[in-house]
Each structure stands twice: as structure tokens, then as C-alpha cells.
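Scroll down for the structure; my scribbles are underneath it.
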Amino acid sequence: MRRRYSTAFEPPAPVVPIVVRAPGGVDSVEVDGKVDTGADVCTLPLHIARRLDLPAVRVARASGFSGAPLEVIVYAADFDLDDHRLEALDVLVTERPYALLGRNLLRRAILHLDGPRGWLDLRVVSPGRRRPRRD
């Protein structure tokens, strides 16, 4: 998947569309995912986690860029990205209107960021289940 950086951010940022669903679920939501190589895990907007009724899997301690650790609930979600389904990924919820794609997802992909040209190339290479094509 090759995309231009999103100008919705300043400076422009690498963003890709993802489809999210509860593990094994049918209902889905598409959301923009901002690539964040500094994030350990993915995040989703709170309203999406509620809408999909994502299952809580455990409680963990997490800290953002401010460094203040908090106890948070970790949820599970399936992501469709680059014609692959990545199943039961750990996600945290935030008030942001977009998702963050953290290293728990990015470790399953080849990522090339070309900042000067404002391009992102991302290809999932994990042995995840391929999404059926809709032709």
C-alpha cells in the first residue's frame, strides 16, 4: 500500500485506512490509522471500541509521551490492513478521533517512510489470514 502523507496533521503524517472489528465479528468500522513507531501497542478511538463492543482482555500499566503511568484496560480487535486480517491485536482506547498503529502491528509489516517526498509504503507480511477480495 503506497499513500501520500496526510496533511490533516502538522507536520504531515503517515496515515493509512484500517477496518476494525471485534475478534471474529461481522460489524466493522473504517478509521484512519496514524503510523506511530514509538507506540508499543495500537490505539483506537473510544467511540469505536464501544460501537464494536470490543472484549477486554486484561489490565496493564501504560504511559504516553507525558510519562505518567496509568492502569488501562487492554482490548482485543481484528484489523484489516493491506488485504490481510490481523487477528486479536491488543489495543488501548483514547479520545483521539483516529487510531495509532503501534509496534504490535508494525512488527508484522514492512514499512518505508519517505519524509522528504511525503510518501508511505506499507506491506503486511505476517502469516495473517488474507481478506477475501470484493470484485
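The values are calculated or read from the model by the stated rules, or taken from the named source; none is laboratory data. All values derive from a computational prediction rather than experimental measurement. Positions of Cβ are backbone-derived with ideal geometry, glycine not excepted, and every protein chain shown enters the neighbour counts.
Quick notes
- Qualifying residue in region 49-71 (condition: part of a strand (DSSP E or B), hydrophobic (A, V, I, L, M, F, W, C) and buried (at least 19 other Cβ atoms within 10 Å of the Cβ)): no
- Residues of region 38-57 satisfying the condition of being over 11 Å from the mean Cα position of the chain (by Cα) and at pLDDT 95 or above: Leu46, His47, Ile48, Ala49, Arg50, Arg51, Leu52, Asp53, Leu54, Pro55, Ala56, Val57
- Selected residue (only one of Leu89, Leu105, Leu44 is touching an Asp or Glu at 6+ places or on another chain (Cβ under 8 Å), in contact (Cβ under 8 Å) with a residue 40 or more places away in the chain and either surrounded by 14 or more Cβ atoms within 10 Å (Cβ to Cβ) or outside any helix (DSSP H, G or I) (or both)): Leu89
- Within region 1-25, the set of residues being exposed (fewer than 13 other Cβ atoms within 10 Å of the Cβ) and closer than 13 Å to Arg85 by Cβ comprises just one member, Gly24.
- Residues of region 65-84 satisfying the condition of being modelled with pLDDT under 90 and more than 16 Å from the chain's Cα centre (by Cα): Phe65, Ser66, Gly67, Ala68, Pro69, Leu70
- Inclusion of Pro23 among residues that are part of a loop (DSSP other than H, G, I, E, B) and more than 13 Å from Leu92 (Cα to Cα) is warranted.
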